[in-house]
Structures are given as structure tokens and as C-alpha cells.
Amino acid sequence: MRFSLNRKRFRDLNEQEVLALAISSEEDDAQIYRMYAERLRAEFPKSAAVFDGMAAEEDQHRKRLIDLHQKRFGETIPLIRREHVSGYYARRPVWLIENLGLDRIRAEAAAMEADAERFYLAAAARTSDAETRKLLGDLAAAEAGHQSTADDLAATHLDGDAQAEEDSRAHRQFILTWVQPGLAGLMDGSVSTLAPIFATAFATQDTWTTFLVGLAASVGAGISMGFTEAASDDGELSGRGSPVKRGFASGIMTTVGGLGHALPYLIPDFWTATITAIIVVFVELWAIAWIQNKYMDTPFFRATLQVVLGGALVFAAGVLIGSG
């Protein structure tokens, strides 16, 4: 609450402060676009050129705003930024966006322009002063023009083939960094924990003990798979992306795969818990086969044979061992 009270309301800003706020916002947005361009330059040079052009466009608008400020208010620009103004649209930190892929960065850039345009239009509508209304209207028109400029730059640098190539490369990177290790973890967690969980279940017929064994097996397998994936390949030569991301994807999905059929044993009744767990296993195995078919281009019949048949054999082994 103290932070909110220290922020100034937009309606309390004078015209000079509004202009200073616009200048600092243009500076911030230009820097964000440059960071996007650097993030994309190695893998997606065409998209990087688009963001370079958008940053240059923001610089031109900032220069026009500074010239206007010098004409109306002199050389000294008040130090006011978007975080100083209550209700002003906020930018998400670049580090939250830049590692999320090409499509997300493009979408964030489009949202930046739309936010700025909406804000200035709303601000212009709230003022009765003619000069202030004109100033804010001009800023709204400038932000709308940014989107047109972005479209023109995209048309120049991103023809159909170039955009399709970059989109294909981004999709492949998503598969290599997230889907492939995540799928491997899900398969390992779902299949490898079947035997110990169901062996314990049929050996003890104690649901709580079975749940604890399943929890330990799932978490242990997740930690092991996560560290193994992260340590096995730094991604520099293989192009599979960050080892930390791959490690998290593999470790988390391994744990999830095991917990799926361990959680039903929180049900006190043994047979109710076991039947529920068997249904969960069936859903898990078919989901893995579907993911393999959709993202890894594995023929559905072969994926089904590999996953469902393999899982069924491991399940049967666990039941036989536990019953014996």
C-alpha cells in the first residue's frame, strides 16, 4: 500500500510531466526492442531486423517529443517514468519474455504497441484542455503508426518463406528443448514406477504405504532424470537449447508421470484406489502415445505398441511380483 501511495496519479500530472513520461516510455520501448533483436539475431536474423527497425522508429518519436518539450518547456526534462505513475500501463520485465520463444516475443511487441495506443487515447478523452487533448491525441496516433511501421518492416524483412522458415525453426527448438525431454520424463515416470507401486500395493494391500512408495519413487526418479538430462548435453553443439530448461522439463514430467498413479492410493479403500490407479495408467499411456504421434511424428500404431504394450508388461510384472 505504501508503494501505491508514493505513485502519482495520471490525472495529477501537468502537461510537461505527461510529455516527460512519453519520452521516458519511448526510451524504454526502444531498449526493449533492441534486447529482443539481440536475443533473436543468431537464430532468427530476419525477425531481429524487424525489431531493429522498430527500435529506430521509437528513437525518432522520442526525438520529436524531446524537440516539442524543448520548444514548450525548455531543456530540463522532469525525471518521471511509468513506474512512478499509478495506473500507467506496465511492461513485463524483458527477462520474463525473451526466453519464451519467437512467437511470444512477437506477441509481446504487438501488445506493447496496443497498450501504448490505448493509454494515450483514454488519457486524451479524460482531459478538457485543448492543448493537452491535442498532445495526447498526437501521441496516440504515433503509437498507432508504430504498428503500421512494424507491419511494413515485417513485409520488408519477413517474406512468406522467411517467416515460415523462422516459425519452423522456432517450433523445432520448442520440440528439442521442452517436448522431447518432457516426453522422455513422462514416459520414464509413468512406466518405470508402475512395477514398484503396484508390487507394493498387492504385497501389502496398504494404500498409505503404497502412496509413500509411489511418492518416493516419483520424486526420486524426477530428480535423477532432471540432473541426468541437464548434465548429458549442454546444448551448444546439439542445438537442443538450455540444459536447465531441459532438466526442469524432464524432471517435472517424470515426477508427474509417477504421481499420476500414486495419488489414487490416498483413497483408503484398496480396490477403489487400485482400480482408479489402473484407469489413470491407461490414460497416461494413451496420452504419451498421442504426444509422440503429434509432436515427434511417430506413427500412432508404433507409438501405441511401444508405450501401451511396454507399460502393460511392466504393470503385469509389478502385479505378479507383489502377488507372489
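The values are calculated or read from the model by the stated rules, or taken from the named source; none is laboratory data. This structure is a prediction, so every number in the text was calculated from the model and none was measured. Every residue, glycine among them, receives a Cβ derived from its backbone with ideal geometry; neighbour counts consider all protein chains shown.
Some notes on this structure:
- Sole exception among (1) surrounded by fewer than 18 Cβ atoms within 10 Å (Cβ to Cβ); (2) in contact with a Phe, Trp or Tyr (Cβ under 6 Å, 6 or more places away or on another chain) for ASP269, by number: (2)
- Any hit, region 34-44, residues being in the same structural domain as ASP138 (by TED's automatic domain parsing), at pLDDT 85 or above and among the aliphatic types (A, V, I, L, M): yes
- Every pair of residues 6+ apart whose Cβ atoms lie under 9 Å, when the first sits in region 131-146 and is within 13 Å of ARG118 (Cα to Cα) and at pLDDT 70 or above while the second is outside any helix (DSSP H, G or I) and of a type outside the set (Asp, Glu): LEU136/ARG126; LEU136/THR127
- Within region 260-324, helices (runs of 4 or more DSSP H) holding 1 or more residues that are under 20 Å from SER218 (Cα atoms): 270-295, 310-323
- Scanning region 34-83 for residues that are touching a residue at least 12 places away in the same chain (Cβ under 8 Å) and among the acidic types (Asp, Glu) yields GLU43, ASP52, GLU57, GLU58, ASP59, GLU83.
- Those residues of region 29-58 which are charged (D, E, K, R), surrounded by fewer than 16 Cβ atoms within 10 Å (Cβ to Cβ) and part of a helix (DSSP H, G or I), in sequence order: GLU38
- Identity of the residue in region 1-14, under 16 Å from GLY137 (Cα atoms) and either modelled with pLDDT under 80 or among the β-branched types (Val, Ile, Thr) (or both), that ends up surrounded by the most Cβ atoms within 10 Å (Cβ to Cβ): PHE10
- GLU229 meets all of the listed conditions (1) at pLDDT 85 or above; (2) over 15 Å from THR193 (Cβ atoms); (3) charged (D, E, K, R) but one, namely (1).
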